[in-house]
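Colleague: Handing you this structure, nothing more for now.
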Amino acid sequence: MEKISLNFEKTLDFVSKEAVFGYAEELQKNNEALHNKTGKGNDFLGWVNLPTSISEAELADYEATAKALQDKKIEVFVVVGIGGSYLGAKAVVDALSDSFAQLKGSDKPLILFAGQNIGEDYLYELRELLKTKEYAMAVISKSGTTTEPALAFRLLKQDIEDKYGKEEAVSRIVAVTDAERGALKQLATSEGYKTYVIPDDVGGRYSVLTPVGLLAIAVAGFDIRALVQGAVDMEKSTGVDVPFEENMASQYAAVRNELYKSGKMIEIMVNYNPKLHFFAEWWKQLYGESEGKEGKGIFPASVDFTSDLHSMGQYIQEGERKLFETVLTIASPDRDVRVPSDEANLDSLNYLAGKRVDEVNKMAELGTMIAHVDGGVPNILIELPKMNEYYLGQLIYFFEKACGLSGYTLGVNPFDQPGVEAYKKNMFALLEKPGFEEATKEIKARL
Ligand code: PA5
């Protein structure tokens, strides 16, 4: 099996190899704690063995549902969800899609999202678009009580029923939620929607390899079996029986914790392929919500290079020296585009004639890494042989495993998110939600 790879050579001017390898024993214990469910947040460890436990019947079921929806000749599939109920599918679909698919008349549905914000204009514009399209939707919420998707779904549910009639609308809606609890479960049962269950022990940001992510990825026309196979192979190669020297999840956890200890408090996920923009958004949620607590944690940020070299590049090169970068690179692109020769050479680019565009991109990448390291920014490199379902599956599980390991090394519970409640409480108080009367009085007195 070819694997994605991790290279942290370009951090070794800042932290020593001995110090990184010094984490080996602790990470072995942390890995055992994840597998034996003996660490913090151990009721949310269903993701650890999730890839190897996905059955053939489950995959066939997601594929059958996707096909039934595609057979309705839908042009758009709307995924209603936020956080972990949206970012994984968005990350994978964007990474694998033609950048201009919707303008090229693709025969596969375009995946759009709702309930990932409360933008009134966004919702208005989406609803206007949907009036003109054939569509279906999934409503996804693990808790079944999250306000943003509930609000969007209330509007979109009425629209889809108005457009297709109640019975047909029911066949175009899939709910993905908790087995028993939450308003969405009740709604799905009473309306008779096809419903998938998010396992109790898999938290939102670790749920992309459940129907939360797999259904939309299948509807978009991508190979969920290859995605899961990639995750299966990475699950095996980061298991407790794999020594630190060969376990890339443990090594990544070790090097970023050592960098953090040395004062590097901000990790920037860098890509040189715009299709990975939302992969970094998924990664930011995974690491930000898992590690940012108890006054601790590396702040996860992201940039798209080379675009952002013309905006954030200056800061990264010469600003506060609290940064390190993790560069996601794709060894070979799918397409071959070469720079043509030009007789007049007025743009002076003939020195590039005959080269692939990717060769220019790769030299930008290498040149930037060297410059940033020289400027005091350590670089970690993660390479995918190709951008496809299989390697993305590896990458997803790699980051999940490393996140659990890294959170334990930091000493936090990587599987809760108590801080997310603070804004909700204030929002509900300000909106005068029943049950929040005291909080309403308190917050209004502060205005
Ligand atoms: O990681 C998490 O658990 C959260 O970020 C959730 O994904 C997010 O809050 C959405 O929650 P839900 O799926 O319950 O609507």
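Colleague: For THR132, are the conditions met, namely being among the polar types (S, T, N, Q), open to solvent by 10 Å² or more (accessible area, probe 1.4 Å) and either touching a residue at least 12 places away in the same chain (Cβ under 8 Å) or within 15 Å of the ligand (Cβ to nearest atom) (or both)?
Modeller: Values: among the polar types (S, T, N, Q): yes; open to solvent by 10 Å² or more (accessible area, probe 1.4 Å): yes; either touching a residue at least 12 places away in the same chain (Cβ under 8 Å) or within 15 Å of the ligand (Cβ to nearest atom) (or both): no.
Spelling it out, it is not the case that THR132 is among the polar types (S, T, N, Q), open to solvent by 10 Å² or more (accessible area, probe 1.4 Å) and either touching a residue at least 12 places away in the same chain (Cβ under 8 Å) or within 15 Å of the ligand (Cβ to nearest atom) (or both).
Colleague: On to the next question. Scan region 63-81 for residues that are touching a strand residue (DSSP E or B) at 6+ places or on another chain (Cβ under 8 Å) and either within 26 Å of TYR391 (Cβ to Cβ) or not in a helix (DSSP H, G or I) (or both) and report the count. Full working, then the answer.
Modeller: So the first thing to find is which residues in region 63-81 are touching a strand residue (DSSP E or B) at 6+ places or on another chain (Cβ under 8 Å), and the list is 65, 69, 72, 74-81.
Cutting the leftovers down to either within 26 Å of TYR391 (Cβ to Cβ) or not in a helix (DSSP H, G or I) (or both) gives us 65, 72, 74-81.
Matching residues across region 63-81 total 10.
Colleague: Taking the condition part of a strand (DSSP E or B) and surrounded by 13 or more Cβ atoms within 10 Å (Cβ to Cβ), does LEU395 pass? Lay out the reasoning, then the answer.
Modeller: Numbers: part of a strand (DSSP E or B): no; surrounded by 13 or more Cβ atoms within 10 Å (Cβ to Cβ): yes.
It is false that LEU395 is part of a strand (DSSP E or B) and surrounded by 13 or more Cβ atoms within 10 Å (Cβ to Cβ).
Colleague: Would you call VAL420 of a type in the set (Val, Ile, Thr) and either modelled with pLDDT of 95 or more or under 17 Å from ALA33 (Cα atoms) (or both)?
Modeller: Numbers: of a type in the set (Val, Ile, Thr): yes; either modelled with pLDDT of 95 or more or under 17 Å from ALA33 (Cα atoms) (or both): no.
Against the criterion (of a type in the set (Val, Ile, Thr) and either modelled with pLDDT of 95 or more or under 17 Å from ALA33 (Cα atoms) (or both)), VAL420 does not qualify.
Colleague: Moving to a separate point now. Those residues that are within 16 Å of the ligand (Cβ to nearest atom) and either open to solvent by 30 Å² or more (accessible area, probe 1.4 Å) or at pLDDT below 95 (or both), I need them from region 263-284; list them, please.
Modeller: Within region 263-284, PHE278, GLU281, LYS284 qualify.
Listed here are the residues, each with its yes/no results for (1) among the basic types (Lys, Arg); (2) open to solvent by less than 20 Å² (accessible area, probe 1.4 Å); (3) in contact with a Gly (Cβ under 8 Å, 6 or more places away or on another chain).
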residue: VAL48; (1), (2), (3): no, yes, yes
residue: ASP61; (1), (2), (3): no, no, no
residue: LYS72; (1), (2), (3): yes, no, no
residue: ALA95; (1), (2), (3): no, yes, no
residue: LEU103; (1), (2), (3): no, no, no
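Colleague: Would you confirm whether or not region 172-182 contains a residue that is surrounded by fewer than 20 Cβ atoms within 10 Å (Cβ to Cβ), under 20 Å from ARG127 (Cβ atoms), within 16 Å of the ligand (Cβ to nearest atom) and in the same structural domain as LEU123 (by TED's automatic domain parsing)? Reasoning before the result, please.
Modeller: To start, the set of residues in region 172-182 that are surrounded by fewer than 20 Cβ atoms within 10 Å (Cβ to Cβ) comprises 178-182.
From the residues that got through so far, the ones that are under 20 Å from ARG127 (Cβ atoms) too are none.
No; the residues of region 172-182 include none that is surrounded by fewer than 20 Cβ atoms within 10 Å (Cβ to Cβ), under 20 Å from ARG127 (Cβ atoms), within 16 Å of the ligand (Cβ to nearest atom) and in the same structural domain as LEU123 (by TED's automatic domain parsing).
Colleague: Moving on to the next point. Looking only at region 344-369, how many residues end up being of a type in the set (Ser, Thr, Tyr) and buried (at least 17 other Cβ atoms within 10 Å of the Cβ)?
Modeller: Of all residues in region 344-369, those of a type in the set (Ser, Thr, Tyr) come to 348, 351, 368.
Now narrow it down to the ones that are buried (at least 17 other Cβ atoms within 10 Å of the Cβ): 368.
Number of matching residues: 1.
Colleague: Looking for whichever is open to solvent by 70 Å² or more (accessible area, probe 1.4 Å) and of a type in the set (Ser, Thr, Tyr) here; the options are SER302, SER307, SER290. Which one fits?
Modeller: On the way: SER302 fails: open to solvent by 70 Å² or more (accessible area, probe 1.4 Å); SER290 fails: open to solvent by 70 Å² or more (accessible area, probe 1.4 Å).
Just one listed residue meets the conditions, SER307.
Colleague: Something else about it: Answer yes if at least one residue in region 216-239 is outside the structural domain of LEU34 (by TED's automatic domain parsing) and within 16 Å of the ligand (Cβ to nearest atom), and no otherwise.
Modeller: Within region 216-239 (the criterion being outside the structural domain of LEU34 (by TED's automatic domain parsing) and within 16 Å of the ligand (Cβ to nearest atom)), the answer is yes, since at least one residue qualifies.
Colleague: What are the residues in region 136-148 that are within 6 Å of the ligand (Cβ to nearest atom) and buried (at least 19 other Cβ atoms within 10 Å of the Cβ), if any? Reasoning before the result, please.
Modeller: Let us first name the residues in region 136-148 that are within 6 Å of the ligand (Cβ to nearest atom), namely 141-143, 146.
Within region 136-148, SER141, LYS142, THR146 qualify.
Each row is one residue, and each column tells you yes or no for (1) in contact with a strand residue (DSSP E or B) (Cβ under 8 Å, 6 or more places away or on another chain); (2) at pLDDT below 95; (3) not polar (S, T, N, Q).
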position	(1), (2), (3)
GLY115	yes, no, yes
GLU120	no, no, yes
LYS142	yes, yes, yes
ILE160	yes, no, yes
GLU168	no, no, yes
ALA175	yes, no, yes
GLU180	no, yes, yes
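The values are calculated or read from the model by the stated rules, or taken from the named source; none is laboratory data. The shown structure was predicted, so the numbers you read here are calculated from the model rather than taken from an experiment. In this analysis, Cβ positions are derived from the backbone assuming ideal geometry, glycine residues included, and neighbour counts consider all displayed protein chains. For the accessible areas, the whole protein counts, side chains as well, though only heavy atoms, and no ligand, DNA or RNA atoms are used. Shrake-Rupley method; radii C 1.70, N 1.55, O 1.52, S 1.80 Å.
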